[in-house]
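Undergrad: I'd like to ask you about the structure that follows.
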């Protein structure tokens with residue numbers, strides 16, 4: 001089972017690799033430099049490590065996305081991956097602009113999902129080699145479209161656990177995303193869990209070990225792990241994965 005870190009930067013790759021991670025998800029954002037360029041410049045072709053870049057479907061065409069990945073694959077084959085998202089827009093990005101077409105940062109979640117479905121169909125019909133693509137599925141419609149065209153998926157743990165999309169999820173082509181909050185020195189952090197992301201939850205080190213072991217036994221391809229809040233919890237998650245993978 002592969003273990004991906006959620007939201008690391010290019011200068012964290014060596015540290016993540018040394019602590020047992022198999023890949024990193026570079027987050028989408030219109031107000032920071034492009035991660036594809038930084039990866040092409042700084043990736044370590046000798047490391048068995050995956051560089052997964054999140055991209056909003058309305059911010060790029062299927063053709064150009066495929067061209068970018070083809071170029072990086074010439075530098076280092078089979079290291080670049082794409083996480084296609086319908087597009088959660090941060091507050092500070094809402095007035096950036098720069099998108100041509102009917103769907104943009106200010107569009108509704110439903111309209112963004114519909115656009116991503118069209119994007120996946122267009123990519124499927126395109127006469128170019130497709131990127132190694134993982135679709136973040138926020139509803140059953142995006143999940144059904146991803147599976148229709150044989151794209152791999154990223155699922156929130158709550159959706160996977162409740163079988164929201166279908167009874168038989170293709171685990172070998174799925175990454176499960178969740179955010180463990182670890183008990184330390186016999187106590188949980190002083191965190192208001194009601195304000196955390198939907199898939200955060202409290203774990204002891206033993207219960208998190210059991211959780212990952214059970215996912216591995218189920219045949220899931222990988223997990224995507226984040227710590228919340230980032231400022232206090234991510235170091236604990238990295239240390240845990242380092243111990244777990246050893």
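Undergrad: Within region 168-182, does at least one residue satisfy the condition of being more than 18 Å from the chain's Cα centre (by Cα), surrounded by 13 or more Cβ atoms within 10 Å (Cβ to Cβ), modelled with pLDDT under 95 and in a loop (DSSP other than H, G, I, E, B)?
TA: no
Undergrad: In region 12-34, what residues are more than 14 Å from residue 177 (Cα to Cα) and at pLDDT below 95?
TA: The answer is 28, 29, 30, 31, 32, 33, 34.
Undergrad: Quick one: would you say residue 97 is free of Cβ contacts under 8 Å to residues at least 24 places away in the same chain and at positive phi?
TA: Answer is yes for this residue.
Undergrad: List the helices (runs of 4 or more DSSP H) inside region 9-99, counting only whole elements, that have at least 2 residues being closer than 29 Å to residue 240 by Cα and out of contact with any strand residue (DSSP E or B) (no Cβ under 6 Å at 6 or more places or on another chain).
TA: Qualifying helices (runs of 4 or more DSSP H): 13-18, 35-42.
Undergrad: Also, quick follow-up: Just to be sure before I move on: is residue 103 in contact (Cβ under 8 Å) with a residue 12 or more places away in the chain, in contact with a helix residue (DSSP H, G or I) (Cβ under 9 Å, 6 or more places away or on another chain) and part of a helix (DSSP H, G or I) in the structure I sent?
TA: Taking the combined requirement at face value, the residue does not satisfy it.
This table checks each residue for (1) modelled with pLDDT of 90 or more; (2) within 18 Å of the chain's Cα centre (by Cα); (3) within 24 Å of residue 26 (Cβ to Cβ); (4) surrounded by 14 or more Cβ atoms within 10 Å (Cβ to Cβ).
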site	(1), (2), (3), (4)
152	yes, yes, yes, yes
208	yes, no, no, yes
219	yes, no, no, no
222	yes, yes, yes, yes
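Undergrad: Taking the residues in region 114-138 that are surrounded by fewer than 15 Cβ atoms within 10 Å (Cβ to Cβ) and touching a residue at least 12 places away in the same chain (Cβ under 8 Å) as candidates, determine which candidate is nearest to residue 69 (Cα to Cα).
TA: Restricting to residues being surrounded by fewer than 15 Cβ atoms within 10 Å (Cβ to Cβ) and touching a residue at least 12 places away in the same chain (Cβ under 8 Å), the top hit is 129.
Undergrad: Based on this model, can you work out whether residue 65 counts as under 19 Å from residue 103 (Cβ atoms), buried (at least 16 other Cβ atoms within 10 Å of the Cβ) and at pLDDT 95 or above?
TA: For residue 65, the condition - under 19 Å from residue 103 (Cβ atoms), buried (at least 16 other Cβ atoms within 10 Å of the Cβ) and at pLDDT 95 or above - is met.
Undergrad: Scan (1) touching a helix residue (DSSP H, G or I) at 6+ places or on another chain (Cβ under 8 Å); (2) surrounded by fewer than 17 Cβ atoms within 10 Å (Cβ to Cβ) for the single condition residue 24 breaks and write down its number.
TA: Status for residue 24: all satisfied but (2).
The values are calculated or read from the model by the stated rules, or taken from the named source; none is laboratory data. What you see is a predicted model; the values in this text were computed from it and never measured. Using ideal geometry, Cβ is built from the backbone for each residue, glycine included, and neighbour counts are taken over all protein chains shown.
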